[in-house]
Structures are given as C-alpha cells and as structure tokens.
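Structure, as structure tokens:
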Amino acid sequence: MPVISGQGQSTRASLDALLAAREIAITCGPGGVGKTTTAAATAAMAAAYQPGRVLVLTVDPARRLADALGVQGLGNAERRIPDELFREAGVTPRGELWAAMLDTKESWDALIRRHAPDARTRQQILQNPLYRNISGRFVQSHDYIAMERLYEIHAEGSYDLIVVDTPPSRHALDFLDAPKRMADFFSSRLLRWLIVPYRSRVMNLASKPFYQVADRLLGTQFLEDIAEFFILFNTLHEGFVQRAEAVGRLLEDRRTTFVVVSTLEAAPLREAELLAGALVDRRLHLGALVFNKVLPDYLRDPGAAEVARAIGERAGEIAGQLPTDPALTERLLVEIAESFLNLRIVARREAEQQADLGATPEVLASAPAFDTDIADLAGLLRLGRALWG
C-alpha cells in the first residue's frame, strides 16, 4: 500500500494519469461519504485539464448530481455544462463537461423500442399494466437499466471519459450483478410456470394447484397481465442475454476502472474495504481509493507538535505579552494546544488506517474537510485539485 505524501495523492500514481488512460470510471462506496460530489469533481477536473468530452452520469436514485454541479433540470438526456461556469471559477476548460441523470422509465421505454421484434409487440409491452408499473419503480429494474444505459452511451462513442456515480455500496454489487440476474430470470423455472399455462390451454399437474390458489388470491385479470407481460418480454430474451454478456465484458475491460470513495470513519471504511475486496475478487480494475474529510498532514508533523506543546507550556508567558485579558488568553492558548495534540492523534490513526488497507489500488487519494459546503463548479474544482495530483 502506498504512503500518503502530502494532502491529496499517493506517491504511486495520480487520478489525472489514471483517467487519461481509461474510458469509464465507476465511483462507488458507502452512503454519506461524498461519493456523488467526488464523481462530479473528478469529471469536472478531467474536462478542465484534459482534452475531450467528459460525461458524469448518476444512476443513484437520490438525484444529488444537479446540486453538486450547481445546475437544475438534469435528466436522461445528456446536458452540457456551460464553459462560462468554468470561467467563473477561474478555469478555461480544455475539454467539455456533460451531465445526465438516469430516468428509469424513459430508459426502459427506449430499450423496448430498440429491441422489440416488431411494432405490434413493442406497443403491447409499452401498454401492459405490469410493465408500466415496474419499469419506473422496481429496484432491480433500475439496476439493470443503469447498466444498459452505461453500455449504450459508451457504445455510441460520443465521450472520451464517462464517470458513473452509483448507489451506495450496499447496492453497488446489485448494480454490477443486475444484467446477469436479468438474464438468469428469463431462464428461471418461475418464469416458465407463469407463462406456460397461458401459452397452452393444457395445464400440467404440478402448476395447476399453484394457479388455482393464485387465481383466488390475485384474480384472473392480474395473472393474465403478468403472463402477457412475460410472454411479450420473452421475445427480447436473446437480446437481453447478449447484452448482459457484453456489459460484463465492458466492466472487465482494461478501459474501465473503479474508484471506491469513503471516509476514514470505522463503519464506512469497513464497508469500503469489503467493496474494494469484492471488486478485486471479481477481477475488476480497482483504480483508486479516495478518502474524503481527511485531517491535514501538518497535524502529523513532529515540528508542529513541538510548537503546540511549547504554546501549552508557555501559555501564561505568551498571554502576558499580548494586549488582552491575560487569564482568558492563557486559557484559550492552552485549549488550542491541547486540541491540536488531540487532533494529531486522530490524524496519525487515519494514516495507519490507510496503510493497513487490504486492497491495493493504483491511486490512493485524499481530500480534507472543507469549511463550507460544495454547491457549485468552483467548489467541485477545489475538491478536485486536492484529489487530482
């Protein structure tokens, strides 16, 4: 594991070099650690300092990306972030920054229109009550269409780099597994039980009791809607399976990297470690570990610690030389010195936690906690510079 040498980057590599060599960067990690902001900051820095078109795409249903970019109205269609926002932040961008948020329903409709075998089947699927209900609400539906959308955008070849902001890490592996789960479902016994009786008037002895009970509980019309939906959807089976395999190859491709984001607090750090380990186990490229809200390096400087101790020990003498209330000043100086030394202990513990991480990425980057919230492009670039190298 590389050792941090100054706030921001490890001595091994930089995010700048990592992303210059990749086409897809998938950011993932626990919730509440600044993952969306980090994804947006990374994309903003790539657009500012690397030539080419950069897209930041969020598939997190929480929809925080627009706030992070300081813009409104993001949706399924990619939208360019005006160069004027960069110039207002004091930067003339070398590339272009685009942003989009996954609209699950709109993406599913586009998928059906693209892959349905004919116009009649397309309309039947789009108008099916079950399809209209689950395409925008079902969690697994969101996970699958997110991967489909990433694959589609990459295949179009319009962007030199796509930075993807995923849901929190407890769902990140669901996100990665979604194409395979969808393909497996089309081959499942449950699906065959649902559709066989409606393809044929002959109901086998095994499925008849199930349908008799289901009919009493759910109603005939509901069962028919389910069966019709899956019979129609089954016409897309081959395309789904082929697409799932293609998405899997894209995730494993050398053009794709994963960036795990966390803080050094115990719970999120443990979650990030598990996620990083799972990525390595799946032979996916762990490009970077990014730690937000890290205490600054000067807290670990031995010279700074000596100064703090001296201030605490000589607080009375120093206070007597200042044109202020001596007792109040002395108490304040002692508290400042003690606070510094306490934070130094935390900073050293953070450095040890980074050194003890099991997974070894190409890049280990960190950023300090900022005094103000990041609410615009200038703030994103400030964070990005701390991470960039």
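Arg382: basic (Lys, Arg) and under 25 Å from Ala266 (Cβ atoms), yes or no? Against the criterion (basic (Lys, Arg) and under 25 Å from Ala266 (Cβ atoms)), Arg382 does not qualify.
Might you let me know whether region 112-123 holds any residue that is closer than 23 Å to Arg64 by Cα and either open to solvent by less than 20 Å² (accessible area, probe 1.4 Å) or more than 24 Å from the chain's Cα centre (by Cα) (or both)?
no
Taking the criterion of being open to solvent by 10 Å² or more (accessible area, probe 1.4 Å) and either out of contact with any Pro (no Cβ under 7 Å at 6 or more places or on another chain) or of a type in the set (S, T, N, Q) (or both), the residues of region 72-86 that qualify are Gln72, Gly73, Leu74, Gly75, Asn76, Ala77, Glu78, Arg79, Arg80, Pro82, Glu84, Leu85. Residues that are of a type in the set (Gly, Ala, Ser) and within 19 Å of the chain's Cα centre (by Cα) within region 62-76 comprise Ala62, Ala66, Ala68, Gly70, Gly75, listed in sequence order.
Counting only helices (runs of 4 or more DSSP H) wholly contained in region 233-352, the ones carrying 2 or more residues that are within 26 Å of the chain's Cα centre (by Cα) occupy 237-252, 266-281.
Based on this model, can you work out whether Leu328 counts as on the phi < 0 side of the Ramachandran plot and assigned by TED's automatic domain parsing to the domain that holds Tyr131? So Leu328 does not fit the description; no.
This table checks each residue for (1) at pLDDT below 90; (2) of a type in the set (Phe, Trp, Tyr); (3) under 30 Å from Pro93 (Cα atoms); (4) crowded, with 16+ Cβ neighbours inside 10 Å.
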residue	(1), (2), (3), (4)
Phe291	no, yes, yes, yes
Tyr298	yes, yes, no, no
Arg309	no, no, no, no
Gly312	no, no, no, yes
Arg331	no, no, no, no
Glu338	no, no, no, no
Gln354	yes, no, no, yes
Gly358	yes, no, no, no
Leu380	no, no, yes, yes
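Checking every residue in region 129-138 against the condition of being among the aromatic types (Phe, Trp, Tyr), in a loop (DSSP other than H, G, I, E, B), open to solvent by 30 Å² or more (accessible area, probe 1.4 Å) and in the same structural domain as Ile24 (by TED's automatic domain parsing) gives at least one match. Quick test for you: out of Arg87, Arg122, Arg80, pick the one residue that is in contact with a strand residue (DSSP E or B) (Cβ under 9 Å, 6 or more places away or on another chain) and either on the phi < 0 side of the Ramachandran plot or in a helix (DSSP H, G or I) (or both). Of Arg87, Arg122, Arg80, the one residue that is in contact with a strand residue (DSSP E or B) (Cβ under 9 Å, 6 or more places away or on another chain) and either on the phi < 0 side of the Ramachandran plot or in a helix (DSSP H, G or I) (or both) is Arg80.
Arg64 meets each of the listed conditions (1) out of contact with any helix residue (DSSP H, G or I) (no Cβ under 8 Å at 6 or more places or on another chain); (2) among the charged types (D, E, K, R); (3) open to solvent by 30 Å² or more (accessible area, probe 1.4 Å) apart from (1). Of all the listed residues (Ile195, Ile226), the sole one being more than 30 Å from Ala21 (Cα to Cα), buried (at least 17 other Cβ atoms within 10 Å of the Cβ) and at pLDDT 65 or above is Ile226.
Of the residues Leu57, Leu97, Leu74, the single one that is closer than 30 Å to Pro129 by Cα, aliphatic (A, V, I, L, M), touching a strand residue (DSSP E or B) at 6+ places or on another chain (Cβ under 6 Å) and at pLDDT 90 or above is Leu57. The condition of being buried (at least 23 other Cβ atoms within 10 Å of the Cβ), hydrophobic (A, V, I, L, M, F, W, C) and under 20 Å from Asp376 (Cβ atoms) holds for only one of Ala100, Ala40, Ala89, Ala25, that being Ala40.
The values are calculated or read from the model by the stated rules, or taken from the named source; none is laboratory data. Computed from a prediction, not measured in an experiment: that's the story for all the values here. All Cβ positions, glycine included, derive from the backbone under ideal geometry; neighbour counts span all protein chains shown. Each accessible area value is taken on the protein alone, full model and side chains, heavy atoms only, with ligands, DNA and RNA left out. Shrake-Rupley method; radii C 1.70, N 1.55, O 1.52, S 1.80 Å.
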